[in-house]
Each structure stands twice: as C-alpha cells, then as structure tokens.
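Contents: one structure, followed by commentary.
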Amino acid sequence: MQLIRFCLLVIALSLSGQVQAMSDEALFKHAKLAYSNKNAQVLADDVNQLKNQQYLLAPYADYWLMLLKLEQVRDEEVQNFLAQYSSMPFSDRLRGEWLKKLAKQKNWQAFFDEQAFFYGDDKAVQCYALLGHLQLKDLDVTAPAKAMWLSSSDLPGACTALFDAMQKSGALSEDDIWARLRLALLNGNLALAKNITARLANVDPAALKWLDRADLAPQLLLEKRTVSFKSRFGVEVNLYALDRLARTKVDVAIATLEKLEGLFDANQRAVAWGRMAYHAARKHDPMALRYFALAEGAALNAEQLAWKTRAALRAQDWPVVLQSIVAMSPKQADEGAWRYWKARALKETAAKSAEQLALAHALFRKLSSERHYYAWLAAEELDSVMASPALDYQVSEQELSALANHAAIKRAVEFQRIGLRWESKVEWLAATRSFDDKQLLAAAEYAMRQKWYDLAIDTADDTKFTHNFALRYPTPYRDLFRNYAKDAGLDEAWVYGIARQESHFMHFAKSGVGASGLMQIMPTTAKWVAQRIGLVDYSHSMLHDLPTNVEFGTHYMRYALDLLGGQAVMATAGYNAGPSRAKEWLAAEPMEAAIYIESIPYAETRLYVQKVMANAQIYAPRLLPENSSIKIQSLKARLGQIPGRAKFEQQTLALPSAD
C-alpha cells in the first residue's frame with residue numbers, strides 16, 4: 001500500500017512539474033481541454049498555474065472553472081466572481097447561466113436583482129422573468145408572454161413552465177394555441193406543431209399521423225381528401241398540405257385549391273390563397289398579384305407583404321407597390337428597401353401631384369444620408385451620383401498606441417496569436433461596442449496593419465459620422481487582383497466587390513459548405529476550372545494558394561459573365577447561387593436590374609448581389625490612377641437593364657460559346 005501511495009505521489013509531482021513547465025499557450029489549451037472534458041480538478045490546477053504565471057487569458061480558464069462549479073457554489077461566490085471580472089465579455093454569459101439557476105430555485109428576489117444587470121438576448125432568461133412575475137403577481141405579463149408564445153420557432157424548455165401556467169390560468173386561450181399551431185405548420189416546423197397539439201384536448205394524438213402524410217405526400221392527401229375539413233384540426237392539416245405542395249408544385253397546388261376552396265370558410269380560403277400567392281410570387285408567377293387579391297381579408301405576414309411588393313415591382317404595378325408597403329408594420333416599413341421602393345412608388349404615381357412628388361423627394365433625401373445600397377440608389381434619384389468618398393479621418397500614431405494598450409484589445413491579439421479566432425472576435429466586438437467613431441477607426445487601422453482584413457472592414461463599417469473608406473474598402477493583394485482581372489477581361493472593381501463580400505480578404509476563409517479562399521471557390525467548381533484551364537495534377541490544397549484561388553475565381557466570373565450575356569448583375573447572382581438559377585429569374589419583359597435583384601427568391605443571394613454591386617461602385621473610383629479624367633457611372637447605370645427572356649436567349653445565342 002505504501003508503495004502504491006509513493007508511486008501516485010511521484011506521478012502527481014511529475015504531472016505537476018509538467019504543468020509548471022508548460023508555456024502560457026500550452027497551459028491555456030490544456031485548461032481548455034480540461035473544461036471540454038469537464039475535469040474540474042485538472043482545470044483548477046491549470047487555473048492556479050495560469051494565475052501564478054500572470055497569463056493574460058487566465059480569467060477565461062477561471063470562467064470555465066466557474067461554469068463547471070456553478071450548480072454547487074454559493075451565490076456570494078458567483079457575485080464576487082462577477083464583480084472581479086465585470087469588464088470581461090464572459091461576465092454577461094455567466095450571469096445568464098446563474099439567472100437560470102436562480103429561476104429553477106424560484107429565488108425570484110435574487111433573480112430580479114441580478115437581471116437588472118443582464119444584457120444578453122436569452123429566451124430562457126426572458127421566459128423565466130415572465131414566469132417569476134406571474135408567480136409573484138407583481139406585474140401583468142399577458143401581452144409579452146403571448147408575444148413570446150406566438151412564435152413559429154422552437155423556444156427553450158424554460159418557456160414550457162410559463163406557457164403551462166398561462167394555459168392553466170386561461171391567459172393562453174385555445175385560439176392562441178391554434179394560432180401558434182398554424183404559424184408552426186406554415187413555417188414548416190412539424191416537430192413544434194406536434195408539440196403544440198398536445199395542448200389541445202380535442203385532438204387525438206393518433207391523428208398526428210396526418211401531419212406526417214401532409215408533409216411527405218401532400219398531393220395524394222389532398223386528391224383523396226383523406227382528412228376531413230369538418231374539424232378545426234382537419235382544416236389545419238389540409239392548409240398545411242396545400243402549403244407543402246405549393247413549395248414545389250405551385251401550379252398543382254393552385255389547381256387543387258380551386259377544386260377544394262368550397263370546403264373552407266371565407267377566412268380559411270383567404271389564408272390559403274395568401275399562401276398560394278406567396279409561393280407564386282417567389283416563383284415569379286405573373287398571376288401572383290391576382291392570387292393576393294383572392295387573399296383579401298387574410299392577415300398577411302411580413303414575408304407575404306414583402307413578396308406582394310416584389311410581385312408588384314416585377315409587374316410595374318406602382319399603386320400596389322405603395323399599397324403593400326403601407327400595409328407593413330412600422331418596423332418592416334422602416335427597412336431601407338421599403339423606404340426606397342415607397343419613394344419610388346410615390347414618384348412613379350405622382351403624375352401632376354406636386355405634394356406627392358415632394359414627399360418622395362423627402363424620403364429619398366433622408367435615405368440618401370445613410371451608407372448602404374438603397375441609400376446610394378436614393379441619392380441618384382436626387383441626381384447625386386456617388387463618387388469616391390473622401391477619406392474623412394486619418395488615425396494618428398498616438399491613437400493607435402492608446403488602442404494597442406486597451407486591455408480587451410490585448411486579449412484579442414493574444415487569442416489571434418494562439419489561433420483562437422472566434423474568441424478573439426468576441427473580445428474585439430466587446431471592446432469596440434462602446435467606441436466612438438475615431439476609436440473605431442483606430443481599431444480598424446490597427447487590425448489592417450495586422451492584416452486582419454475582416455475585423456478592419458467590419459469595424460470601419462460601424463462608424464456613424466466620421467469615416468475612412470480606405471479602411472472600409474481596402475485593396476490588399478492589388479497586383480494579384482489587377483493582373484488576373486486584366487487576364488480575364490474583367491472590371492477590377494467588380495472582382496474586388498466579389499472578394500470583399502466572399503471572404504473580407506481573409507485567404508484562409510472557409511464557408512460552412514466548403515468554399516475556400518479569397519474567392520470562396522467550391523471544391524467541385526475548382527476541379528471543373530482546373531480541367532478547363534488545363535491544370536494537370538490539381539489537388540484541393542492548391543486552393544489555399546493565393547494566385548491559384550484568384551485565378552480560379554476570375555475564370556469562373558468570366559465564364560458566368562459570358563454565359564449570362566455580359567450581365568454583371570446576373571453573373572453576380574450566378575456566382576453565388578449558380579448561373580442556371582440566375583436565368584430562371586428572368587421575366588418575359590425587360591426590367592431594371594434593381595427590380596431583378598429585389599425579386600431574387602433567396603434572401604442570401606439578394607443581399608449578396610446588392611452588396612457586391614455597391615462594393616464595386618465604391619471601388620471603381622478608388623482603383624483609377626490619380627488625377628484620372630474618367631467619369632464614374634452611377635450605381636443605377638452599373639446595374640443596368642435586364643432583358644426579357646426571349647431577347648436574352650437571342651443575345652446569348654449570338655455570343656461565342658462560354659466553353
């Protein structure tokens with residue numbers, strides 16, 4: 001026994017010596033691994049050693065240890081910990097976890113005392129707060145609790161107790177439950193819908209199989225009239241089946257609804273037509289506005305109103321554009337897109353109304369003072385062509401020095417050094433959140449000098465009044481981009497616009513779907529390009545080579561541009577979503593490119609094209625030689641006109657083969 005104890009002591013001393021011998025970086029990563037493995041004892045030893053070594057990031061290891069011990073420690077210890085690390089980004093996250101512990105203990109006094117200092121957007125904490133007030137009966141929480149309930153998204157389990165209490169008291173009515181069931185179904189959240197039905201006493205759990213049938217084979221369920229329209233649940237199942245069918249076969253869904261609409265009451269019919277209209281608009285069906293008219297009386301949600309507006313734009317029906325935007329909630333109508341299109345609709349329908357034209361100009365003027373795609377389009381409506389923005393502010397060396405000595409920036413730099421970029425960004429964002437414009441520009445300049453282009457761009461983008469567009473729109477790798485743009489016969493500003501949006505010039509960037517490098521090339525696209533240019537012995541690792549990545553990206557841009565008739569807007573959409581989709585979004589008649597962009601069905605691609613084209617417009621004057629006399633075209637001219645489908649086909653047939 002004594003021998004065993006001696007051996008264990010030797011091992012412990014040996015391990016202790018190894019820990020003490022570790023570098024700061026190695027010891028910190030050792031602590032991180034201990035936290036991942038929930039090994040509190042090892043982590044505690046690492047924390048002590050990191051503190052002894054006075055390592056800059058030691059507080060993070062201490063935070064991990066507190067998370068592991070949170071259920072056991074006294075409230076006073078947590079309070080002391082939060083006071084000690086009040087300026088650290090993790091303090092609010094820890095406070096959120098502690099609040100959940102207090103709520104589970106029904107320690108409402110401590111919960112509400114501490115919640116006053118919590119700034120996070122945590123649904124579980126929000127639900128616990130509402131439940132606490134409900135149990136204490138010190139505040140009427142019916143309205144905010146119902147707003148929380150009426151969500152088509154999954155909510156944390158912490159909200160269940162709140163909803164149970166509301167249902168028991170009658171604050172959550174049966175109509176409220178049916179309303180959320182419909183929201184969940186029309187959002188395609190089948191699992192949530194099934195959970196909601198458990199709150200309905202008159203729905204047999206065995207009937208849930210019909211939801212699965214509606215999901216997997218909606219056309220068959222509707223054609224056979226499998227589910228009766230006489231029950232409220234049956235109506236919801238049939239509405240869900242119609243919606244599921246319309247997602248892939250909108251024409252079939254509409255024909256089916258025309259046969260079945262007599263089985264719905266007036267409100268249900270309007271709801272069904274509202275869904276058909278939404279899907280038809282996203283498919284660019286010219287009949288979409290007619291279907292929206294059949295939905296009169298139904299409460300259209302934000303997405304439906306947005307697509308009604310887009311359908312009206314494609315149809316050049318400016319009165320309906322205006323009517324649809326007026327019907328939006330104040331929050332939605334205040335979005336840049338809808339302020340711009342409202343002003344356009346007012347202008348287009350003004351005729352001889354000087355008052356309406358003045359209102360349009362007032363909207364354009366207010367919008368044009370902002371810094372984004374719609375703002376620049378609005379400025380051009382006022383005959384103010386966007387030129388190269390002035391470099392309003394140059395950061396001094398003193399400001400940079402002060403920035404470098406900021407504690408949070410030092411931690412961000414250290415995280416970058418040891419390869420923990422996500423943690424570095426968290427520190428960076430926490431530090432810069434309270435910065436004024438000049439401090440933001442100092443931070444952006446500091447990041448630029450470290451070649452952290454993504455942080456530099458994002459930080460410079462946050463300024464409100466004082467700007468530096470060289471930091472917002474940097475031109476790294478200039479020779480590389482200029483040479484490959486020239487070789488491919490491309491507008492260098494457009495190439496920079498793509499690269500800025502794709503990777504923020506971080507050459508090691510990798511997307512969730514596997515795209516890599518400055519130009520974010522997909523592996524399959526890279527192989528295809530390699531074959532086209534005759535690159536033998538291509539391997540995926542070559543994509544991380546800067547010249548190869550830019551060459552492949554510009555080659556694909558050239559291919560897309562040729563395939564899509566020289567239309568840069570369509571080629572940009574094609575670079576993101578595929579050239580075939582960009583062609584699908586054409587209309588029979590020509591339209592201005594801004595409307596084509598606005599009606600792209602995928603929100604990600606729509607925003608992507610807007611940003612790329614706005615980027616290119618900003619880059620264009622910056623890439624010209626000094627004292628150049630070349631006149632910069634407007635953003636609207638850069639976007640151009642998109643031809644009708646027939647003319648597009650004629651134009652592309654006349655072009656040389658893209659192959």
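The values are calculated or read from the model by the stated rules, or taken from the named source; none is laboratory data. Note that the structure is a prediction, hence the values are computed from the model and not measured. Please note: Cβ atoms are built from the backbone with ideal geometry, for glycine as well, and neighbour counts cover all protein chains shown. Each accessible area value is taken on the protein alone, full model and side chains, heavy atoms only, with ligands, DNA and RNA left out. Shrake-Rupley method; radii C 1.70, N 1.55, O 1.52, S 1.80 Å.
The lysines whose alpha-carbon is closer than 21 Å to the alpha-carbon of residue 104, local same-chain residues fewer than 8 away aside, are 69, 123, 137, 168.
Taking all protein chains together, 335, 414 sort by accessible area into 335, 414, largest first [probe 1.4 Å]. Cross-link partners of residue 425 among lysines, defined as those whose alpha carbon lies under 22 angstrom from its own and excluding same-chain residues fewer than eight positions apart: 29, 32, 410, 438, 451, 464, 510. Based on protein heavy atoms only, the range 545-613 ends up with 31 Å² per residue of surface accessible to a 1.4 Å probe. The orientation-averaged projected area of the convex hull spanned by the Cα atoms of the chain comes to 40.2 nm². Can you give the local net charge around residue 359? Use residues other than it whose beta-carbon is closer than 10 angstrom to its beta-carbon, Lys and Arg +1, Asp and Glu -1. Counting the neighbours of residue 359, the net charge comes to +1. Sites listed here are trypsin sites (Lys or Arg not before Pro) in the range 590-631 whose DSSP assignment is loop and whose Cβ has at most 10 other Cβ atoms within 10 Å: 631.
Descending by average beta-carbon neighbour count within 10 Å, the peptides 223-230, 559-566 line up as 559-566, 223-230, the highest first. A 1.4 Å probe run over the protein chains yields, for the range 129-184, 48 Å² of accessible area per residue, whole-number rounding. The value of relative contact order for the range 290-334, using C-alpha pairs under 8 Å at least six residues apart, is 35 percent.
With only the Cα atoms considered, the range 26-67 has a convex hull volume of 51 Å³ per residue. Distance from the Cα centroid of the range 539-605 to that of the range 239-278 is 34 Å (rounded to whole angstrom).
Projecting the Cα atoms of 267, 226, 294 onto the dipole axis of the range 223-322, where Lys and Arg carry +1 and Asp and Glu carry -1 at the beta carbon, places 226 farthest toward the positive end. Each peptide in 339-346, 456-463, 173-180 was scored by the mean count of other Cβ atoms within 10 Å over its residues; highest first, the order is 339-346, 456-463, 173-180. Here the chain is treated with +1 on each Lys and Arg Cβ and -1 on each Asp and Glu Cβ, and its dipole about the Cα centre works out to around 1180 debye. Each peptide in 551-558, 65-72 was scored by the mean count of other Cβ atoms within 10 Å over its residues; highest first, the order is 551-558, 65-72. In the chain, the portion of solvent-accessible area held by carbon and sulfur atoms comes to 52 percent [1.4 Å probe, whole percent, DNA, RNA and ligands not counted]. Counting only residues at least eight positions apart within a chain, or on another chain, the aspartates and glutamates with an alpha carbon under 18 Å from that of residue 366 are 334, 335, 355, 380, 381, 383.
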